[in-house]
Amino acid sequence: MHTIIMPRLDLDMEKGTVLEWLKKKGDKVKRGEPVVMIMSEKVTYEVESPASGVIYEVLLPPDIEVPIGQVIGVIMENGDEPTLLESTVRKAKESLVELSGVKKPEIKMEVKIGQREEVAKEKPERKKISPLAKILAKQYGIDVAGIRGTGPGGRIVKQDVLKAAEELKARFEEQVEVIPLSGVRKVVAERMAYSFRTAPHAILIVEVDMSEAVKLRKDFEKMKNVQLSYNAVFVKAVAMALREYPILNSTLEENQIKILKNINVGVAVATERGLIVPVIHDVDEKSLADLSTTIAQLVEKTRLDTLSRSDVTGGTFTITNLGMFGIDAFIAIINPKQAAILAIGRIADKAKVVDGQILIQPTVTLSLSFDHRIFDGAPAAQFLNRIKEILENPSPILA
């Protein structure tokens, strides 16, 4: 007998989710054959069978998150004792109930009702409604004029209001599309909530004249005969600034600030499955052309869902760009374990006063969110202004 466990797929992984079982109960499997698709940190992996045999039990259904090391399936081999198999399955099921306790999401309309129910008094009422029914109708927000009473003399009673509430709920649910919070969307929600809850976010905003950067991009494309993305320009500028202000390339672990030697910049990519952040490793060692090619390849792999583990791990800083969606400026939430994130708006022509003259310049708004536990506003401001200087005088980017 062999068990299939939730594996540790990277150093940061603590929990995992089953996306799909590739084999079902009763199927024969060979050692090394993929049996289940697991998701961690927004990337999917195929987990291989640890032995040859038959899938005796599939214990974990899709979209339920459990810690690493948890038994999620059992493989039966020749000569296995049924009692041992059943004992293993029973213990694993008990553990899963304790760990997850998860039911499929559903929309519920909750109504708080008092602990004590008042006994309806027999006093005649002009509206012919019991006191308890009247309280319930108010709590549910139901107009009693539309309720037909079933009590004595057409009196509206508790059951009449509850029935009206159920009918209202049914009509409401018919008009609602239910989207379960699962998969990538669930991971993003949990990570962003954790980051916003634990890291005190401080925000700095600056406008940048992109005239020279726009010119550099056009000249580069003409000279190299390749397409250059603005994201490559921003990533390169960020990497250069991080090398000068390494405190922003750090993480906080157990009351220790650890400055990271490698500069690995994540670029947020929007997909139908949710927001995914592939990582460009050792950005400061790559040329502008290499960066542009690497970013394009990672974006394509993200949309095709073919990212490898190394493509999404090891990030030390993140940029997120909504300029292509026509957004002028926004504030982003820091990726967990990182110190800061740079939000980039669209490049648009704006009127600026320069040396007493009004000029029209292509301008972008940059917003830096940073973890105020790790550093204060002064180094953050210096870092953001350094990015501004590089973008407004971008010749060093070509080095």
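Scan (1) in contact with a helix residue (DSSP H, G or I) (Cβ under 8 Å, 6 or more places away or on another chain); (2) more than 28 Å from residue 186 (Cβ to Cβ); (3) among the charged types (D, E, K, R); (4) modelled with pLDDT under 95 for the single condition residue 285 breaks and write down its number.
Failing condition for residue 285: (1).
Between a first residue in region 141-160 that is touching a residue at least 24 places away in the same chain (Cβ under 8 Å) and a second residue that is among the basic types (Lys, Arg), which pairs have beta carbons less than 7 Å apart while being 6 or more apart in sequence or on different chains?
Pairs found: 153/128; 154/128; 155/128; 156/128.
Just checking, does region 141-153 include any residue being farther than 30 Å from residue 16 by Cα, loosely packed, with under 11 Cβ neighbours inside 10 Å, over 44 Å from the mean Cα position of the chain (by Cα) and at pLDDT 85 or above? It would help to see each step written out before you state the result.
Residues of region 141-153 farther than 30 Å from residue 16 by Cα: 141-153.
Next cut, loosely packed, with under 11 Cβ neighbours inside 10 Å only: 141, 143, 145-146, 148, 152-153.
Still in the list and also over 44 Å from the mean Cα position of the chain (by Cα): 145-146, 148, 152-153.
Filter again for at pLDDT 85 or above, leaving 152.
Checked against the condition, which is being farther than 30 Å from residue 16 by Cα, loosely packed, with under 11 Cβ neighbours inside 10 Å, over 44 Å from the mean Cα position of the chain (by Cα) and at pLDDT 85 or above, region 141-153 yields at least one hit.
Are any residues in region 252-279 outside any strand (DSSP E or B) and on the phi < 0 side of the Ramachandran plot, and if so, which ones?
Step one: list which residues in region 252-279 are outside any strand (DSSP E or B), which gives 254-255, 260-264, 268, 272-273, 277-278.
Across region 252-279, the qualifying residues are 260, 261, 262, 263, 264, 268, 272, 273, 277, 278.
Does region 240-266 hold any residues that are touching a strand residue (DSSP E or B) at 6+ places or on another chain (Cβ under 6 Å) and small (Gly, Ala, Ser), and which are they?
250, 266, listed by residue number.
Condition check: closer than 22 Å to residue 271 by Cβ, β-branched (Val, Ile, Thr) and surrounded by 17 or more Cβ atoms within 10 Å (Cβ to Cβ). Does residue 319 satisfy that?
Working: closer than 22 Å to residue 271 by Cβ: yes; β-branched (Val, Ile, Thr): yes; surrounded by 17 or more Cβ atoms within 10 Å (Cβ to Cβ): yes.
Yes.
Just for strands (runs of 3 or more DSSP E) wholly inside region 28-87: which have at least 1 residues that are surrounded by fewer than 20 Cβ atoms within 10 Å (Cβ to Cβ) and among the acidic types (Asp, Glu)? Show your work before the answer.
Values: elements: 34-40, 43-48, 53-58, 65-67, 71-76.
It comes to 43-48.
State which residue is modelled with the lowest pLDDT when the search covers only region 224-282 and only residues that are of a type in the set (S, T, N, Q) and under 20 Å from residue 371 (Cβ atoms). First the steps, then the outcome.
Within region 224-282, the first condition is being of a type in the set (S, T, N, Q), and the residues that meet it are 225, 227, 229, 231, 249-251, 255-256, 262, 264, 271.
With the extra rule that they be under 20 Å from residue 371 (Cβ atoms), the set shrinks to 249-251, 255-256, 262, 264.
On the way: 249: 96, 250: 96, 251: 94, 255: 88, 256: 94, 262: 94, 264: 96.
The residue in question is 255.
Please work out if residue 170 is under 32 Å from the mean Cα position of the chain (by Cα), over 30 Å from residue 38 (Cα atoms) and at pLDDT below 80.
Numbers: under 32 Å from the mean Cα position of the chain (by Cα): yes; over 30 Å from residue 38 (Cα atoms): yes; at pLDDT below 80: yes.
Yes, satisfied.
Would you mind stating whether residue 236 is farther than 21 Å from residue 376 by Cα, among the basic types (Lys, Arg) and not in a loop (DSSP other than H, G, I, E, B)?
Numbers: farther than 21 Å from residue 376 by Cα: yes; among the basic types (Lys, Arg): yes; not in a loop (DSSP other than H, G, I, E, B): yes.
So residue 236 passes the test.
Only one residue in 328, 284, 349 is in the same structural domain as residue 198 (by TED's automatic domain parsing) and either crowded, with 19+ Cβ neighbours inside 10 Å or in a helix (DSSP H, G or I) (or both). Which one? Before you say what the answer is, go through the steps one by one.
Working: 328 fails: either crowded, with 19+ Cβ neighbours inside 10 Å or in a helix (DSSP H, G or I) (or both); 349 fails: either crowded, with 19+ Cβ neighbours inside 10 Å or in a helix (DSSP H, G or I) (or both).
The unique qualifying residue is 284.
Could you identify the single residue in 210, 223 that is of a type in the set (A, V, I, L, M) and without any contact (Cβ under 8 Å) to a residue 24 or more places away in the chain? Walk me through how you get there before you give the answer.
Values: 210 fails: without any contact (Cβ under 8 Å) to a residue 24 or more places away in the chain.
From the options 210, 223, the qualifying one is 223.
The values are calculated or read from the model by the stated rules, or taken from the named source; none is laboratory data. All values reported here derive from a predicted model rather than from experimental measurement. So basically every Cβ, Gly included, is an ideal-geometry build from the backbone, and we count neighbours across all protein chains shown.
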